[in-house]
Amino acid sequence: MTLPQILGRLRQVKPLGSGGFAEVWLYHDPVLDSPVAVKVLSAQWTQADDIRERFLQEARFLRSVDSPHVVSVHDIGETPTGAPYFVMAYADAGSVAELIAQHPQGMPAPLVADLVTQAASGLDALHARSVIHRDVKPANILLTGGSDGRLRAMVADLGVARALDQHSEVTRQIGTPAYMAPEQFDESLPIDHRADVRSLGAVAWAMFAGRSPAPALTVVSRVPDLGTVAAVPATVSAVIMRALEPRAEDRWPDAGSFASALTAAAEGRAVAVPPPSEASTVLRSPGPAQSTPMPPPPPQPQQRPASRRRGAVLVAAAVGIALVLGGAATWFVTRGGPAEDPANGEETAGAKPVSGAETAAVRFVDALQAGDCEAAGLYIPDLDDPAAWDCTDDANGGDGFYYHILDDLDADGERRVEDLGDGLFRVVWVDQGYVNMQRQEDTLFKVQQVVCC
């Protein structure tokens, strides 16, 4: 999306980044002589009423939270083309994700404890308003520099946040798998503020390890003990591992308690870390994936020059299930947006999504083409450094299982949606390939098969 050079009194400077739903641009406020960040809903979502409303709710809620450690919103508006945006504080020092990238051997304990404490303060402010963030990760903890040289952390991006009493089964699995709590994968378990405690623990683990932890692909998955991957005191490791306990009742009771314990451990003080309780919560091991008969494939797409052709790829996924194929485990569940009737084989006008299945498929393709394997939910779980694996790399460890929705696919090309029955939809990029999407419930879909290029 190209934003206007002049937005109200703001003057455009440069783009800062983009995600699955929004773009962020740097603008300058000449009246206050200060930089601001403008977050605008991406063009493909402006006509999706539920996504648009979620975007506006995020802005209104951020405006209402009084905490220096939650990103502040100054204004809200709409571009001349009808895209909603809001103006927020500019994080001139980047994010914790960038800090982790700058410290592949891990960050100093005092800095980790300080940033975790600040982020915990922001999360506690959200929890006091009965809101769970549900996507706490390094990229969503923004940083700004102070006059004293100390970094100030601000929790941002509440696009998937939910009120404690309003989250639904449709949205509970949305997030970033490497940082999500196990209960987000298991509909039998309640979700409360301790899901964010677990995610903050994963962020702290990543800050010390220099990389993100492997995702909790099942509800009984455990993150490797921090002491086995980073040179940290045993007490520091114990504090973080308690935050990462699979059962919510075994974690620190709130973000502030976790931060206080981590600060004490980082300073070399004694910390009492209670052992896991004998709680009655049953963490269910996922059963085997149910086999869904696949319909016959459509006619082969037109051939391209041999140097540009890619092989067919199967991408299977399920809620809370790690399905191993040729050594690669994959997980991807996405919310598809409005669930209008599919196009029944008719080509999609203007390449704009017309159904929830198409919206979900487009989001998956966008993530792969951006090289964002984490957003696409693709992993190989047994690597020494899962976060370093590039799911779009032909080399891929030589296991012969590759993902190829790359340069060969014109993501803006003509599309059509085919209803195959039993909740299965085929989203076809005309003459290129297709993605099969299986409806889970309402607007939640899982990627079931990809054949491309």
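The values are calculated or read from the model by the stated rules, or taken from the named source; none is laboratory data. Quick caveat, the model's predicted, so the values are computed rather than measured. When we count neighbours, we look across all protein chains shown, and the Cβ atoms used for this are built from the backbone with ideal geometry, even at glycine.
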Worksheet item: Is it fair to say Arg150 is surrounded by fewer than 20 Cβ atoms within 10 Å (Cβ to Cβ), modelled with pLDDT of 85 or more and not small (Gly, Ala, Ser)?
Response: yes
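Restricting to the range 231-269, give me the number of residues that are outside any helix (DSSP H, G or I) and either not assigned by TED's automatic domain parsing to the domain that holds Arg211 or not hydrophobic (A, V, I, L, M, F, W, C) (or both).
Residues that pass the stated criteria total 10.
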Item to complete: Report yes if some residue within the range 12-29 is of a type in the set (Ser, Thr, Tyr) and closer than 17 Å to Thr81 by Cα; otherwise report no.
Response: no
Response to the item:
Filtering the range 179-212 down to residues that are closer than 12 Å to Glu249 by Cα and in a helix (DSSP H, G or I) yields Glu183, Arg194, Ala195, Val197, Arg198
Discussion item. For the range 1-12, check the following and say yes or no: at least one residue is in contact (Cβ under 8 Å) with a residue 12 or more places away in the chain, basic (Lys, Arg), touching a helix residue (DSSP H, G or I) at 6+ places or on another chain (Cβ under 8 Å) and surrounded by fewer than 21 Cβ atoms within 10 Å (Cβ to Cβ).
Written reply: no
Practice prompt. Taking only the range 20-76 into account, find how many residues are of a type in the set (Gly, Ala, Ser), surrounded by 17 or more Cβ atoms within 10 Å (Cβ to Cβ) and part of a strand (DSSP E or B).
Written response: 2
Response to the item:
Over the range 92-137, the set of residues crowded, with 23+ Cβ neighbours inside 10 Å, at pLDDT below 95 and touching a strand residue (DSSP E or B) at 6+ places or on another chain (Cβ under 8 Å) is Leu126, Ile132, His133, Arg134, Val136
